[in-house]
Amino acid sequence: MKTPICNFDAMNGILCPQCESKLEQGTLTKADVDASIKLVKIAQKVPPVDKFTLNSCRESNGDYVLYLNSQDIMTIRQSRELYRILQGEFPGKIWLVHHGSDNEKFIEDVFFPIKILGINQVWAPGGLTKTKVIVSGKKTARFPIDIDKLIAIAHDLRKIELVVEFERK
């Protein structure tokens, strides 16, 4: 398993001087350290997780955005059990995002499994740029994701002003 911190540190839950200095300099975040420790712990019980590469982790309002490689995300999305195990380790909801993704791919990742019909840039008065996302279906009480959390995460991590519209009202 590859993590932002040393494997030894992730296994023991204590940072070495090198990783400690990265944390102090801001190269690493507390979320990177927490997620690394949690994933290494899971990897000891669940062999597929041992092949994962956690590139980084960002925390936003109690939720965790894990930046993983494409193969790792596919493995998690194909196994509900694996997703439940991962979700059980984190205090907030986890969001899986491809490492190095542009804003459009980031939006597609956080909206998963919802089908996105369109993503457009909208220029609002005052020089503001908003990103309008049109999703299929309509908003109901059983909608699988919390749109407000998603909007907050996009703004917090990527400075994207999201406007979400539904295909059917």
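Throughout, read-outs are computed from the coordinates displayed, never taken from laboratory work. Computed from a predicted model, the values in this text were never measured in an experiment. Positions of Cβ are backbone-derived with ideal geometry, glycine not excepted, and every protein chain shown enters the neighbour counts.
Its residue count N fixes a reference of 2.2 N^0.38 Å for the stretch 48-143, and the Cα radius of gyration divided by that reference is 1.23. Once the convex hull of all Cα atoms in the chain is built, its volume per residue stands at 127 Å³.
Ranking Leu54, Gly126, Ser36 by Cα position along the charge dipole of the stretch 31-169, where only Lys, Arg, Asp and Glu carry charges on their C-beta atoms, puts Gly126 farthest toward the positive end. Taken over the stretch 118-169, the ratio of Cα radius of gyration to 2.2 N^0.38 Å equals 1.20.
Look at the alpha carbon pairs under 8 Å that are at least 6 residues apart: their mean separation over the length of the stretch 1-108 gives a relative contact order of 24 percent.
Screening the chain for whole DSSP H helices with an alpha carbon extent of at least 15 angstrom along the helix axis and a mean Kyte-Doolittle hydropathy of at least -0.5 yields 30-45, 147-158.
Evaluate 2.2 N^0.38 Å with N set to the residue count of the stretch 47-94, then give the Cα radius of gyration divided by it.
Numbers: Rg = 10.6 Å, N = 48, 2.2 N^0.38 = 9.6 Å.
Against the compact-globule rule of thumb, the ratio is 1.10.
Taking Rh as the Kirkwood radius computed over C-alpha pairs, what is the Stokes-Einstein D of the stretch 1-94 at 10 °C in a medium of viscosity 1.306 mPa s, expressed in µm² per second? After rounding, the answer is 119 µm²/s. Here's how it looks for Ser60: its modeled amide H is under 5 Å from those of Val65, which are all 5 or more places away or on a different chain.
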